[in-house]
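The values are calculated or read from the model by the stated rules, or taken from the named source; none is laboratory data. Here the structure is a predicted model, which is why all the values come from computation and not from measurement. Ideal geometry is used to build each Cβ from the backbone, glycine not excepted, and the neighbour counts take in all protein chains shown. With ligands, DNA and RNA removed, areas are computed over all heavy atoms of the protein, side chains included. Shrake-Rupley method; radii C 1.70, N 1.55, O 1.52, S 1.80 Å.
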Amino acid sequence: MLHVSEDDPDIAQLIRNEESRIENTLDLIAAENHAPLSIMEAMGSVLNTKTIEGYPGKRFHAGCKYVDEIERIAISRAKTLFGAEYANVQPHSGTSANLAVFFSVLEVGDKVLAMSLPHGGHLSHGHQASLTSRCFTFRHYHVDTKTELIDYDNVRRMAEAFRPKMIVAGASSYPRLIDYEKMADIARDISAYLFADAAHIGGLVAGKVIPSPVPYCDFVTLTCYKTMMGGRGGVILCKERYGKKIDKAVFPGCQGTSAVNFIAAKAVIFKLAQEPRFGEIQKRTLANAVCLAKELGTRGYRIVTGGTENHQVIIDVGSKGLRGNDAEKILESVGIITNRNVIPRDAENPGTISGIRLGTAAVSTRGMGTAEMKEIAKLIDGALINANKKKLLDQVAQKGAELCRKFPVYA
Ligand code: DSN
């Protein structure tokens, strides 16, 4: 921070404030994590300024001797870690990766079947606000209204009637495992491509604590900053036969020069992910989510789908007479950082947000275990039921801050 402080003290101060916010709050955003300092160094290095259009050995600018090597290492480690035939490590983000998958084998107007957003799907899976919905013809499958689980029979019926060219299996708000084998059967029977968006669960898959979509899917995308712990950026894994199409769709199709600093950070996290510590964190992330869901359920909160099998716990705060927006604000006021989230039953009432989505990746990375999850459930409940009692909220905030001090992120 020495140089930022000199060149721009205002921004330097805001970065310090953010460091302090991270250390002193409980990060329960399911799409976040605390990356190791080696990732920060790689991301903040001289690699920031290198222009790299093209791929290793076939660049459009000179001076790529070292960055070619970095990208080759990142690709090779991604393939080894996930057992994939082919990897592209250039996507700037999960959405960039998803766009490239769609444009690799689909023509504009082609049909795609994906999960609906209020039921757990992602914006880039054909939501009307996303460019994807203007390029391809999407139809969306839902979860079962009672169980809130994917209804695979319904997916099959929709697939057989709609005949999409691609099926998307993957979600940004679904706390359960996806049966990729079943999805692959459905896709195979109608000759559709199967694409898994594994952005949220990449780290759990790499840590081998949940099943991998890779053996069953033509394409899998990941982001590196959620459970994967590695800083920003996306990755595409695919069968070797699609490699050339994927490369062309990423560059020059959807992106220009990629970010070598991101690619280096991806290489670093793919190395760290092969070490036992990474697997231990992923195991803890899963156990912590199960514990948090159970503890909140015991306190009378309705847990969407009744539990969790990944890092996410989605709470229907409507079951306590709250709106997701209010719950998010109340929790933020006591240093518990979450995000409001639509839940399946909100689909019937557009504009309503009855849920909050919690994720245990970041708190698990900073070393917390099930004892701390019990405490966090108590704090969440304490804040939500005492939203108008300042003194009680202050006590909750104090206890949360004590927990953070016991489990420093970077200190
Ligand atoms: N996809 C968004 C989320 O799940 O919150 C951001 O990564």
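Computed values, structure above
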| quantity | calculated |
| --- | --- |
| Heavy-atom accessible surface of the range 164-296: percent carbon and sulfur, 1.4 Å | 53 percent |
| Eligible lysines near residue 399 by straight Cα distance, threshold 29 Å, same-chain separation 8 or greater | 226, 283, 294, 320, 329, 374, 378, 389, 390, 391 |
| Apportionment of accessible area to carbon and sulfur, the range 6-104, percent (1.4 Å) | 56 percent |
| Diffusion coefficient, µm² s⁻¹, Stokes-Einstein with Kirkwood Rh over alpha-carbon pairs of the chain at 10 °C and 1.306 mPa s | 72 µm²/s |
| Portion, in percent, of the accessible area of the range 366-409 that falls on carbon or sulfur, probe 1.4 Å | 51 percent |
| Whole-number accessible area per residue in Å² for the chain, which is evaluated in the context of all protein chains at 1.4 Å | 44 Å² |
| Local electrostatic count at residue 299 - Lys and Arg +1, Asp and Glu -1, tallied over other residues with Cβ under 12 Å | +3 |
| Lys, Arg +1 and Asp, Glu -1 on Cβ, resulting dipole of the chain about Cα centre, debye, nearest 20 | 440 debye |
| Cα-only radius of gyration and Dmax that characterise the range 285-334, units Å | 11.1, 29 |
| Inter-label distance for residue 48 and residue 177, nm, one decimal - labels placed 7 Å from Cα along Cα-to-Cβ | 4.3 nm |
| Antiparallel bridge percentage (DSSP; both residues within the chain; nearest 5) | 55 percent |
| The chain: most fluctuating residue of 156, 277, 72 per GNM, C-alpha cutoff 10 Å | 277 |
| Residues of type lysines that residue 58 reaches as a straight line, Cα spacing below 28 Å, ignoring anything fewer than 8 places off in the same chain | 50, 79, 239, 244, 245, 248, 266, 271 |
| Neighbour cut-off at most 16 other Cβ (10 Å), DSSP loop, chymotrypsin sites (Phe, Trp or Tyr not before Pro), the range 57-88 | 60 |
| Mean residue ellipticity (222 nm) of the chain, computed from DSSP H runs ≥ 4 via -39,500 (n - 2.57), nearest 500 | -13500 deg cm²/dmol |
| Sum of side-chain charges, residue 326 neighbourhood, beta-carbon under 13 Å (Lys, Arg +1; Asp, Glu -1) | +2 |
| Charge tally in the Cβ shell below 12 Å around residue 371, where Lys, Arg are +1 and Asp, Glu are -1, residue 371 excluded | +1 |
